[in-house]
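Peer 1: Structure provided below as structure tokens; questions to follow.
The values are calculated or read from the model by the stated rules, or taken from the named source; none is laboratory data. Please read all numbers here as calculations on a predicted model, not as lab measurements. Cβ atoms come from the backbone with ideal geometry, glycine included; neighbour counts cover every protein chain shown. Only protein heavy atoms, including side chains, enter the accessible area calculation; ligands, DNA and RNA are left aside. Shrake-Rupley method; radii C 1.70, N 1.55, O 1.52, S 1.80 Å.
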Amino acid sequence: MHHVRRVFSLDLRSIALFRIMLALLLLADLALRSLDLSVFYTDAGVLPRYQWLKVTHQWHWSIHAASGELWWQALLFLIAAAFALALLFGYRSKLAAVASFILLASLLNRNGLLLQGGDNLLVVMSFWAMFLPLGARYSIDSALQTVHRHNPNAVPANAFREQPYFSIATIAIVFQVLYLYTFTAFLKTGDAWVSRFDAAFYAVNLQHFATPIGHWIGQFPLLLKPATFYVLAVEFIAPLLVLSPFYWPRLRIIGLLLLASLHAAFLLMLHIGLFPLIDFMALSLLIPGSAWVWLRSTDRQRARRQRQSAIVIYYDEDCGFCLKTCLILRSFLLPQDCRILKAQNHPEIHAIMERENSWVVTDAEGKAHIHWHAMVLLFRQRWPFKVLAWIMSLPPLLYLGNRLYRWVADNRGLMGTLTERVLPFRALSLRPTLIGSLLAVLFFYVVTAFNLYGMPGMRGQMPQHVNHLARVFRINQRWDMFAPYPLTTSSYLLIPGQLRNGEQVDLYPLTSSLPDWQPPERFYPLYDGYRWRKYLGRVDGHRNNAVREAFGSYLCKSWNNQPRSRDTQLATLEIHVVKLRTNTQGQQKEETRRRIWRHWCYPEFADS
């Protein structure tokens with residue numbers, strides 16, 4: 001049992017890092033999606049709701065589909081961003097995690113044509129995040145524990161040691177993170193992976209995927225054969241190292257570094273959006289507590305912590321808002337053993353506070369800092385905030401900061417009333433609940449069964465209850481990236497259109513149907529980002545013609561809704577896909593062109 005608890009426990013600091021990374025990725029994902037908000041998520045875009053009903057799975061629900069108007073999508077995006085910010089700072093972490101998961105699942109369900117493996121991993125990890133004590137460290141929730149109301153300097157007994165958290169959910173989460181690698185390895189059954197070892201060569205020769213680095217390294221096919229073997233070997237071996245109870249935690253750290261090396265390579269060589277960063281986020285959960293203890297024990301860190309721990313924050317004991325502010329700042333910027341004291345108990349400090357109408361912060365040398373200067377001092381203590389501290393210390397912002405501080409100091413009563421409602425002291429429990437444990441068992445069974453039934457050669461159909469639960473809770477998953485074999489063709493679209501007057505136009509301005517037009521060596525610039533690349537790939541490959549019909553209708557509306565004369569209205573369009581097949585003999589790629597759709601914008605141009 002000791003080995004089980006050690007392997008499947010998650011350190012509270014790793015959980016906090018995971019929470020912060022998850023929140024940042026949610027915000028980044030919303031920002032990227034907002035660039036095409038109308039196109040991808042409204043009835044004016046490429047998948048209006050009546051077409052969405054034809055292509056989405058019946059068990060995939062979506063709040064975003066409640067309206068096809070732009071304002072509704074913008075409102076939901078803003079609400080999702082607000083909850084992601086709450087998650088980032090650990091404010092009502094459980095509520096923020098639940099709301100973030102619901103809104104992310106709803107968003108992904110609204111347009112599944114955009115999705116890739118990273119989206120599936122993001123929503124799955126958002127789901128499991130609801131089972132973790134996300135606010136236990138480095139958060140507003142941990143700063144405003146009930147115990148700190150009367151004893152702000154209460155420090156957890158294990159504050160400077162390993163801080164393991166173990167539950168049924170942590171067992172499920174560890175396996176969930178590793179399923180990504182184990183099942184994708186088992187699914188890679190093609191000759192390119194298991195005999196010829198040229199899968200990596202094919203991957204970096206995908207002209208619509210490859211980065212400049214990937215394009216360059218594609219010139220060395222002999223080097224890419226061992227790279228193929230390395231990818232497959234790491235996906236099989238690293239999960240075993242992560243789960244090993246022996247030579248702990250060395251094998252765990254080696255396994256995590258091996259997996260991280262894969263994502264670093266993918267990030268450098270392939271345009272796959274946020275996927276590698278989402279993988280880093282998932283792996284951060286598995287960082288053992290001993291790694292944090294080691295980082296803290298290095299000579300440099302020990303000296304820095306001693307200087308930081310010598311900082312003392314003095315506050316007005318009659319100001320509840322002041323105490324909460326000090327607790328929150330310490331949680332993010334200072335060691336937990338940094339003292340927060342009542343100024344009234346220290347006559348010299350109290351005299352400064354009364355004279356300057358300010359809190360007082362003393363540094364390691366005992367020098368007193370007040371007003372906004374004290375805030376700058378605290379922000380300088382942690383490297384993620386050093387740049388912000390430098391900006392805060394610029395003369396214009398320093399002036400504004402001091403003005404802001406004086407306003408807050410003059411309105412402490414109002415701020416106290418407000419924070420009493422918005423930032424109350426709350427109990428922080430680290431004990432798993434019975435209901436949470438039972439749900440973790442259920443969903444662990446669901447994700448395991450869903451992955452197993454997706455394996456090639458698996459006998460029998462997936463049980464309906466597994467399929468329905470997985471899809472309703474958006475934890476359906478199939479980790480078949482570049483499996484069973486990688487793509488061997490690079491592609492781009494040509495979309496010529498014809499106006500009423502017979503003139504030919506290109507409706508996809510990044511390419512051209514003119515005979516003398518030559519595509520660039522890398523096709524990724526022919527797409528407006530990886531979402532468009534994924535979507536247009538689905539326009540080509542989706543089995544349901546509703547996808548192509550909806551895209552054709554969107555192109556018609558985009559052209560004809562502009563102020564134009566009748567003769568220059570778009571009448572018809574065609575969607576062609578150009579594919580170049582990669583070979584390992586160094587020969588020129590074979591090109592094929594195929595028309596995948598013809599669309600008419602007005603009934604009189606319909607095919608007879």
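Peer 1: Hey, could you get me the Stokes-Einstein D for the stretch 154-245, Kirkwood radius over alpha-carbon pairs, 37 °C and 0.692 mPa s, rounded to whole µm² s⁻¹?
Peer 2: 204
Peer 1: Further question: Does a label point 7 Å from the Cα of Leu35, set along Cα-to-beta-carbon, have any residues of the stretch 249-269 with amide nitrogen under 19 Å, and which are they?
Peer 2: 267-269, by backbone N distance to the label point.
Peer 1: Can you compute the FRET efficiency between Thr189 and Thr448 using 1/(1 + (r/R0)^6), with r the Cβ-Cβ distance and R0 = 30 Å? Round to the nearest 0.05.
Peer 2: 0.90
Peer 1: When only C-alpha pairs under 8 Å and at least 6 residues apart count, what is the relative contact order of the stretch 514-608, in percent?
Peer 2: 22
Peer 1: Provide the gained length on full extension for the span Val4 to Trp517, in nm with one decimal, where the gain is 0.36 nm per separating residue minus the Cα-Cα distance.
Peer 2: Length gained between Val4 and Trp517: 178.5 nm.
Peer 1: Between Trp600 and Ala82, how high is the FRET efficiency from 1/(1 + (r/R0)^6) when r is the Cβ-Cβ distance and R₀ = 41 Å? Nearest 0.05.
Peer 2: Efficiency, from the Cβ-Cβ distance: 0.40.
Peer 1: Oh, and also: In nanometres, what is the gap between the two model label sites at Arg426 and Met455, each 7 Å from Cα along Cα-to-Cβ?
Peer 2: 4.2
Peer 1: Could you check the spin-label model distance between Leu418 and Ser67? Points 7 Å from the Cα along Cα→Cβ, value in nm.
Peer 2: My value for the distance between the label points is 2.8 nm.
Peer 1: With N residues in the stretch 93-159, what two-decimal value do you get for its Cα radius of gyration over 2.2 N^0.38 Å?
Peer 2: Here the answer is 1.54, to two decimals.
Peer 1: Given a cut-off of 29 Å, name the pairs among Lys54/Lys557; Lys188/Lys534; Lys94/Lys367; Lys188/Lys589; Lys54/Lys94; Lys94/Lys188 whose C-alpha atoms lie farther apart than that in the structure shown.
Peer 2: Violating the 29 Å Cα-Cα cut-off are Lys94/Lys367; Lys54/Lys94; Lys94/Lys188.
Peer 1: Which of the peptides 276-284, 301-309 is most tightly packed, and how do the rest follow, going by the mean number of other Cβ atoms within 10 Å of each residue?
Peer 2: Top of the packing list down: 276-284, 301-309.
Peer 1: How big is the Kirkwood radius of the chain, worked out from every pair of different alpha carbons and given in Å to one decimal?
Peer 2: 27.5
Peer 1: Treating the beta-carbon of each Lys and Arg as +1 and of each Asp and Glu as -1, no other charges, what is the dipole magnitude of the stretch 488-566 about its Cα centre, to the nearest 20 debye?
Peer 2: Taking the Cα centre of the stretch 488-566 as origin, the dipole is about 400 debye.
Peer 1: Here is a further query. Just check the stretch 414-460 against the gyration tensor rule for me: Cα atoms, a ≥ b ≥ c as the square roots of the eigenvalues, rounded for a/c under 1.5, and otherwise prolate or oblate depending on whether a/b exceeds b/c.
Peer 2: It comes out prolate by the Cα gyration axes.
Peer 1: Taking the alpha-carbon centroid of each part, what is the distance from the stretch 194-228 to the stretch 342-369 in angstrom?
Peer 2: 63
Peer 1: Now for a separate question. Under the rule a/c < 1.5 gives rounded, and otherwise a/b versus b/c splits prolate from oblate, where does the stretch 411-567 land using the Cα gyration tensor?
Peer 2: Oblate is the answer for the stretch 411-567, as a/c is 1.5 or above yet b/c matches or exceeds a/b.
Peer 1: A follow-up question, please. How high is the FRET efficiency between Arg196 and Arg478 when r is their beta carbon distance and R₀ equals 35 Å, given to the nearest 0.05?
Peer 2: 0.90
Peer 1: Rolling a 1.4 angstrom probe over the protein heavy atoms, how many square angstrom per residue are accessible across the chain?
Peer 2: 48
Peer 1: Counting only helical runs of four or more DSSP H residues, what would the 222 nm mean residue ellipticity of the chain come to if each run contributes -39,500 (n - 2.57) and the total is spread over all its residues?
Peer 2: Helix contribution divided over all residues of the chain: -17000 deg cm²/dmol.
Peer 1: How far is helix 320-333 tilted, in degrees, relative to the longest principal axis of the Cα atoms in the chain, given as a value from 0 to 90 rounded to the nearest 10?
Peer 2: Roughly 60 degrees between the two axes.
Peer 1: For the chain, which cysteines have no second Cys with its Cβ under 4.7 Å from theirs?
Peer 2: Cys326, Cys338
Peer 1: Separation of the stretch 314-328 and the stretch 117-193 by C-alpha centroid, Å?
Peer 2: Distance between centres, Cα-based: 31 Å.
Peer 1: Please report the relative contact order for the chain, taking Cα pairs under 8 Å with a sequence separation of at least 6, and give it as a percent rounded to a whole number.
Peer 2: 18
Peer 1: Starting from the Cα gyration tensor of the stretch 1-110, take the square roots of the eigenvalues, sort them a ≥ b ≥ c, and report rounded, prolate or oblate (rounded when a/c is under 1.5, otherwise prolate if a/b is larger than b/c, else oblate).
Peer 2: prolate
Peer 1: Between Trp216 and Leu397, what length comes free when the chain is fully extended (0.36 nm per residue of separation minus the Cα-Cα distance, one decimal in nm)?
Peer 2: Length gained between Trp216 and Leu397: 60.6 nm.
Peer 1: For Ala303 and Trp248 in one chain, what is 0.36 nm times their gap in residues minus the Cα-Cα distance, to one decimal in nm?
Peer 2: That pair, Ala303 and Trp248, stretches by 17.0 nm at full extension.
Peer 1: Related question: Cβ neighbours within 10 Å, averaged per peptide: list 588-599, 572-583 in order, most packed at the top.
Peer 2: 572-583, 588-599
Peer 1: Within the chain, what whole-number % of the accessible surface is contributed by carbon and sulfur, with the 1.4 Å probe and all protein chains included in the calculation?
Peer 2: 62
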